[in-house]
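Structure first, commentary second.
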Amino acid sequence: MRRILRLIILLVSLHNLAGAQTTIPYSRFGIGILQDPQPAWMKGWGSQSAAFHNTLNLNYMNPASYGYINFTVFEAGLFASSLKVKTGSDSVASFTDGGLSTLSLGFPVIRNKLGVSIGINPFSRVDYNIIQNNDSALGLGSSANNFTGDGGLYKFHVGAGYKWKDLSFGINAAYLFGKLDYSTVLSFPDTSNAYGTLRDESRSFGDFVFTAGVQYRINLNKEEGYFLDLGAYGDLKTNVATSRNLLYSRFTYYSSSGVFQSTPQPYDTIYNSSEDGEVVFPPKISAGIMFTRLNKLMVGLNYDYAAWSKYLSFGETDFTKDSWRISAGVQYVPNYKSFDNYWNLIAYRAGFSIGENYLEFDNKNLKQYQASVGAGLPLRRVLSEVSFAAEWVKIGSIKDNPLAISNFRFTLGVTMNDRWFQKRKFD
């Protein structure tokens, strides 16, 4: 337990340390760039989350899978990414990012029937710094706009799942929390008689959201280990309680004696307000089908849909639209009983997905493509695994959108299994 606590502290510290190293221009809109909270072993084969379940991995995306838990399962992971942003002028900017990808714990209440999970995962990310230099006017000098944003949203979930024969169902109750900060500056650095304008806005989130799921297993040939699994999970439209602080102020880069200073000098406050309101999160659904040959092969197909056109923030719309994604993936283990060849024990994974992002500009969609490979490395003599996934994600295209994002992301995760909460017996 002490080792797990130290690992938690390390992961959170690394996440906070790495959080300010990237710039994602599209995160200025909506609630930012949505995160993929799946563990590394799931990312490696296309995030096949709806229908997947087994006794050694924790699928917290679909709480119906908790009914299959046989051991206490601890999942933790870190990610690192290299992101490139390309504009219409063919200029390219590169950024790095990294941090916590997942942290969760699951354990059986009744083995292979009733399971419980708790965990925390990132939900969305806002991080951008954009400078727009305006054309100068005769006699007025130049002006510039600076747009910055920072913050993120997280989900802390508690869930339970129950299995009855070949049918399982479950629910996650998650507390969505976090803070998003936005700042817009209009400045006149060449003019001592003009005051710049600063607009600061912060939104603090804190409310519960619920996810329900169901899974059903069809026994094609139980003796030979052939199964077909069906699964689905989703959220209803949710009004999330949010508070907003808004501040307008004026500043200058010149002192009272007319000397230029690099640090803005506050002059006065134009407007300041605080209010409570709601942000409407859309209904979402994920459905999937998976063919399994036990301990050998898994092939899955997954469909995700979210009605982001219903998104509202304090009664206002944004550049959001309905999003969707179709993904396919495969996992293959050559020989799980092998004792003399470790390569035969490894789970090899690959996946691919296509879809549309939840943001749009000038009525043009942001196409999104993703390809991934991964592997699960079992640890000998223990029911645990170290997994990694390498993903390539492309959002938007220069042909149709203001900019395009290409992201290479590497995720490293660990899955530890053990028997907890059991009385020891002595002869």
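Just a few scattered comments:
- Considered as a group, the residues in the range 257-283 that are hydrophobic (A, V, I, L, M, F, W, C) and at pLDDT below 80 include one that is surrounded by the most Cβ atoms within 10 Å (Cβ to Cβ), and that residue is PHE260.
- Condition check for PHE147: free of Cβ contacts under 8 Å to residues at least 60 places away in the same chain and not basic (Lys, Arg): no
- Scanning the range 310-343 for residues that are among the polar types (S, T, N, Q), under 26 Å from HIS53 (Cα atoms) and in contact with a strand residue (DSSP E or B) (Cβ under 9 Å, 6 or more places away or on another chain) yields SER323, SER327, GLN331.
- Test: residue in the range 129-143 that is modelled with pLDDT under 90, crowded, with 19+ Cβ neighbours inside 10 Å and in contact with a Ser or Thr (Cβ under 8 Å, 6 or more places away or on another chain): yes
- TYR348 being of a type outside the set (Asp, Glu), in a loop (DSSP other than H, G, I, E, B) and farther than 23 Å from LEU100 by Cα: no
- Restricting attention to the range 225-253, the residues being part of a loop (DSSP other than H, G, I, E, B) and touching a residue at least 60 places away in the same chain (Cβ under 8 Å) number 2.
- Taken over the range 155-190, the criterion of being within 30 Å of ASN134 (Cα to Cα), in contact with a Gly (Cβ under 9 Å, 6 or more places away or on another chain) and surrounded by fewer than 18 Cβ atoms within 10 Å (Cβ to Cβ) is satisfied by ASP181, SER183, VAL185, LEU186, PRO189, ASP190.
- Criterion (of a type outside the set (Gly, Ala, Ser) and either without any contact (Cβ under 8 Å) to a residue 40 or more places away in the chain or in a loop (DSSP other than H, G, I, E, B) (or both)) met by exactly one of PHE339, PHE291: PHE339
- From the list VAL214, VAL185, the one residue that fits, being modelled with pLDDT of 95 or more and among the aliphatic types (A, V, I, L, M), is VAL214.
- Qualifying residue in the range 70-86 (condition: out of contact with any Ser or Thr (no Cβ under 8 Å at 6 or more places or on another chain) and assigned to a loop (DSSP other than H, G, I, E, B)): no
- When residues of the range 77-112 are limited to those that are surrounded by fewer than 16 Cβ atoms within 10 Å (Cβ to Cβ) and touching a Gly at 6+ places or on another chain (Cβ under 8 Å), the one modelled with the lowest pLDDT: ASN112
The values are calculated or read from the model by the stated rules, or taken from the named source; none is laboratory data. This structure is a prediction, so every number in the text was calculated from the model and none was measured. Heads up, the Cβs are rebuilt from the backbone with ideal geometry, glycines too, and the neighbour counts pull from every protein chain shown.
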